[in-house]
1. Compute the normalised compactness of the range 216-343: alpha-carbon radius of gyration over 2.2 N^0.38 Å, N being the residue count.
2. Where does each of Ile276, Ile204 land when they are ranked from fewest to most other beta-carbon atoms within 10 angstrom?
3. Please report, to one decimal in angstroms, the Kirkwood hydrodynamic radius of the chain built from all distinct Cα-Cα pairs.
4. Assuming 0.36 nm per residue, please report the length gained on full extension of the stretch Ala76 to Leu44 beyond their Cα-Cα distance.
5. Seen from all sides and averaged, what is the projected area of the convex hull of the Cα atoms in the range 354-482, in nm²?
6. Return the subset of Lys165/Lys261; Lys408/Lys499; Lys154/Lys532; Lys305/Lys499; Lys238/Lys305 for which the Cα-Cα distance in this structure is over 29 Å, preserving the input order.
7. To make sure I understand the rule: partners must be aspartates and glutamates, Cα under 17 Å from the Cα of Lys527, and not fewer than 8 residues away in the same chain. Which ones qualify?
8. Once you mark the trypsin sites (Lys or Arg not before Pro) that are in a DSSP loop and have at most 13 other Cβ atoms within 10 Å, what is the longest gap between them in the chain?
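Just so you know, all these numbers are worked out from the coordinates, no wet-lab data involved. Owing to the predicted nature of the structure, the values given are computational and were not obtained by experimental measurement. Note that each Cβ is placed from the backbone with ideal geometry, even for glycine, and that neighbours are counted across all protein chains shown.
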Amino acid sequence: MIFRRGKKTLVSEAASDTVAPESLAHPVLANYIGDRFVDRNRRLLLWIFAGMVAFYGMVFAVFSPFMLAPLLSPMAILLMLFIWLLPDTDRAPTELIARFMFAYLIALLVWPDYLALQIPGMPWISAIRLVGIPMVVMLLICLSVSPRFRAELKEVMDAVPVLWKSLAIFAAISVLSVGLSRDSSTSFSKLIIAILYWYAMFFIALHVFRTPGRFERMAYFLWGILMFDCGIALWEGKLQALPWVGHTPSFLQVNDPVVLKILSFHGRTASGIYRIQGKFTTALGLAEFIGMGTPLVVFFLLNAKNWMVRLAALISLPIIFMTVIGTDSRLAMNSYILSFFIYILVWSFQRWRSRKDSIIGPALILAYPFMAAVLYIASLTVTRIHNAVWGGGAAQASTIARQMQMAKGLPMALSHPWGYGIGMAATTLNFANPAGEISIDSYFLSLGLEYGVIGFLAFMTMFIAAIAYSAMALTHSDDPEMQFMAPLSISIANFLLSKSILSQQDNHSLAFLLIGAIGAMYYRYQKEQKNKAYTIPSSANP
């Protein structure tokens, strides 16, 4: 078969001797084409592609301030296509994922998200986006080019099927809910946030924490971040204002009404007491993080082998308690108390199992019902404790508002069991606070309104399964790092407690990272148990 420019000529083998020499003067080169449509119309297709690109550029220039996310989607698709086409290699940047993850935690929990670069027509260029997006790109590259990475990730996922399958169902419903939304642009933006900072963090944690020692390092890391945030919050309480108000460089100032509200004085309406919030957008966001971080500090106090670490934990806990008081939040107080109360019970049980000669473990377990009863009676009879745990008159307005929202929103969720679309809970509920602002308090109600009944069940299954996996690994493993499963499960329990009254999603990324860590550590527990089963006792040797 001989190819000519623009046409194809077939020469049979029998007639090859009769072909004129000039017909073979030109060999098969790159400029020679066959009879395919693409080959014959290459220039036309290039002109069409150039026209589409020019049209896309004009549309982008005109409509980007109004619909930026949909207009950026072709670029994201091209990037994912490019990553998918990368060849397999044994040199995937897997170690970079762990480094990016630790940097992401700093961006998430230390730097205020609203201190960001603002370019006209573009989303805020925040620290989370500067670190989080490259981190997710690294994850996609590793999935694309490394068979070993894919095999290891699959091996971890197989160890926790309930966890990843419930996450997959929840993620699928969040994608489908965009089509059900009345505002598909807003829902699409919320979906991108969920994919980048929730679901991706789960899989990143599955990879990072399958390596022994990494979670202990992260526990110290989170402890340090918690103390930094508490220090900033206490400084804020002394100033009665955020420390960076009036000192923010102009290039980091975002002209947005929501940001102006965050930076203004924020006190409880009924009492006028200033409520510290630190780097978070509300005092409840800080309270939620305190509830997720305090169990780790309690763990170090009771389990650290180094006395200096125990001393540091002992010093840290009063500082955290002062921050709890400054938030004027029942959520912070209840999470702080539960961190102690639940972990002491778990520690006593472990002590009883490991130290048969010690009476501390059984004594604490036997005294536990009495201590619980005393605490409950004190919370009902002592005014100061009652107000801190159950709330007083100043908190009554928020309690009534949540009851009214639930009474209005629950029938709406049940009558529309497939949901109204991700990010649509507040506008669907249409409940206004005394200031006239549309708001929703309970994230559980938000789940029902946005994702429907199945989405709510998938979300709850995901986190309850994480607690169950951590309990199984904690009670049967000999790996010292598995002891972190106890504070991890308490952190998840405190997170679920906070979701009953807080619909904000400041700490969702951390929560998905923690359940991913539980999944990775449970995989290590299963591997440990299989190794024990295959080990032949020395007494059985001939």
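1. 1.14
2. Ranking Ile276, Ile204 by Cβ neighbours within 10 Å, fewest first, gives Ile204, Ile276.
3. Hydrodynamic radius (Kirkwood, Cα pairs) of the chain is 26.9 Å.
4. 8.9 nm
5. If I average the Cα hull's projected area over directions, I get 12.3 nm².
6. Distance filter (> 29 Å) returns Lys165/Lys261; Lys305/Lys499; Lys238/Lys305.
7. In chain and number order, the partners are Glu152, Glu155, Asp158, Asp478, Asp479, Glu481.
8. In the chain, the maximal stretch lacking such sites is 357-542.
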